[in-house]
Amino acid sequence: MCFPGLIPRRLVSPSALILYGRGIQFGLQLALVVLLPRLLGPEDFVHYSLVTPLGYLLASIVCGWITGALCRFAYDFFDPAKAHQQEAAVTYFAWVGVLSLLAFLALRYGFETPYALVPPLLFSSSVKGAILGVLNATYRAREFLFANFAYAVPVAAFLYLCATQAKPDFDRILLVYIGLESIVGLLLLALSRIPFWRLHRFNAQTLRAYAVFGGPLLINGIANWFLSISDRYLLAQSATTEATANYVLSYQLGGSVIAYPAMFYLAIFAPRALAVEQSSGISAAMRYVYAQARLFFLMSPVLLAVSAAVVLSFKAYFYPAYPLDAPTVLIILSAQLVNVAGHFYYKELELTGRTLTTTRALGVAAIVNLGINVVAIPLLDALGAALATLVGYAVFTGMMCAFCKPSASWEAP
């Protein structure tokens, strides 16, 4: 009961609470995108933009397959009769944590490399992704909202330290952020009802079953990383630090205006598709997927026009030290829209268990993108990187569309 008559039920329904949780995620991501270029100099901003994607890449390799399987079969994970799934997953993440800590110590004190932060970032981001993904997929709305509030603490502390230190030791600040995020994840697991005292060994049979579904997702994560992130590393080798920082800023602003709101919507759409499948079967789920896809395609021209106006205005007034570079911004925004379109086709393939098909599309797109980057970046700098991204996403979405041929029973009446 939430003060009957004062707060409408629709404002505290599970769907609304999931929406609030996703809103917190979007706000935190947006805060990092908007504030870090202002708080950090180009050198630290580029350093952050090169270190953190490596952590996310390794996270997708080491844990992406099991996280994807957990989200797809999230209802089974919470089934008391299938406790072995909890045992397998949590024990796996525990070993990842131990090995990540050992790798950090070896890199930090043995090799003294700034990339020593990558292993602990791998662990913290993997645990976060698994917790939020499973809670979101199963519509555990209150727990999901609480977890998002908890994960806001590390981001707030990170931004506060970046803003208040006159000469910040950025690696130390980033380590604090990763440490706090890891602590939040462990505390959330401790507050759950999972009986940790029984989690002491791998359940090989369960992990093999997860690998059958999630194995292709490992390759997907690598391919998607090369498709969307690798260009900044190539650009950093051939362009100035300032030019690289400007491209990363344009790319992230484009993501904040198109990709983040789209992911916000897709995060609500994905569990809804699972819920429809649970209640009404696969045919009803497919009809829901295609109806949402048609809505997105109809709105795409409006989204492109509005997002272009927002990003260019924001760069002009909030980042006067960074050039507008309007052609690059427009190409980046177009690429983001094409990428989002591919997620609707991905959902069909996921629901029907054809994750290997997605792998083929991402692999081809990543190879095309990397090849164009190698040629175009030395010639056109940031514009070449943006063009390569657009072509890569177009190849990915086009192949996904070709693979997804809806059954007549899935079509909306």
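The values are calculated or read from the model by the stated rules, or taken from the named source; none is laboratory data. Computed from a predicted model, the values in this text were never measured in an experiment. Ideal geometry is used to build each Cβ from the backbone, glycine not excepted, and the neighbour counts take in all protein chains shown. Note: accessible area is taken over every heavy atom of the protein model, side chains too, but ligands, DNA and RNA are not part of it. Shrake-Rupley method; radii C 1.70, N 1.55, O 1.52, S 1.80 Å.
Is it possible to state the helix-based mean residue ellipticity at 222 nm for the chain, with each DSSP H run of 4+ residues giving -39500 (n - 2.57), the sum divided by total residues, to the nearest 500 deg cm²/dmol? What is it?
-27500 deg cm²/dmol
Where in the chain are the DSSP H helices whose alpha-carbon span along the long axis reaches 15 Å or more and whose Kyte-Doolittle mean is at least 0.5?
Qualifying helices, which must be both long enough and hydrophobic enough, are 14-39, 42-62, 83-106, 118-137, 141-164, 170-191, 204-228, 260-280, 282-318, 326-351, 355-380, 382-403.
Express the relative contact order of the chain as a whole percentage, based on alpha carbon pairs under 8 Å and six or more residues apart in sequence.
Values: 479 pairs, mean separation 85.9, N = 413.
So the answer I get is 21 percent.
Solvent-accessible area per residue for the chain at a 1.4 Å probe radius, Å²?
46
Would you mind working out the magnitude of the charge dipole of segment 34-102 relative to its Cα centre, with +1 at each Lys and Arg C-beta and -1 at each Asp and Glu C-beta, to the nearest 20 Debye?
80
Can you grab the distance from the C-alpha centre of segment 46-79 to the C-alpha centre of segment 223-245, Å, no decimals?
Each part's Cα centre sits 22 Å from the other's.
Using a probe of 1.4 angstrom, how much of the accessible area of segment 83-196 is carbon and sulfur, in percent?
Within segment 83-196, the accessible surface is 69 percent carbon and sulfur.
How much length would be gained if the chain were fully extended between ARG142 and GLN205, taking 0.36 nm per residue of separation minus their Cα-Cα distance, in nm to one decimal?
Separation in residues times 0.36 nm, less the Cα-Cα distance, equals 19.5 nm.
So for GLU181, GLU112, what's the accessible-area order with a 1.4 Å probe, most first?
GLU112, GLU181
Once the piece of chain linking TYR75 and PHE318 is laid out straight, how much longer is it, given 0.36 nm per residue of separation minus the C-alpha distance between them?
Roughly 83.0 nm would be gained on extension.
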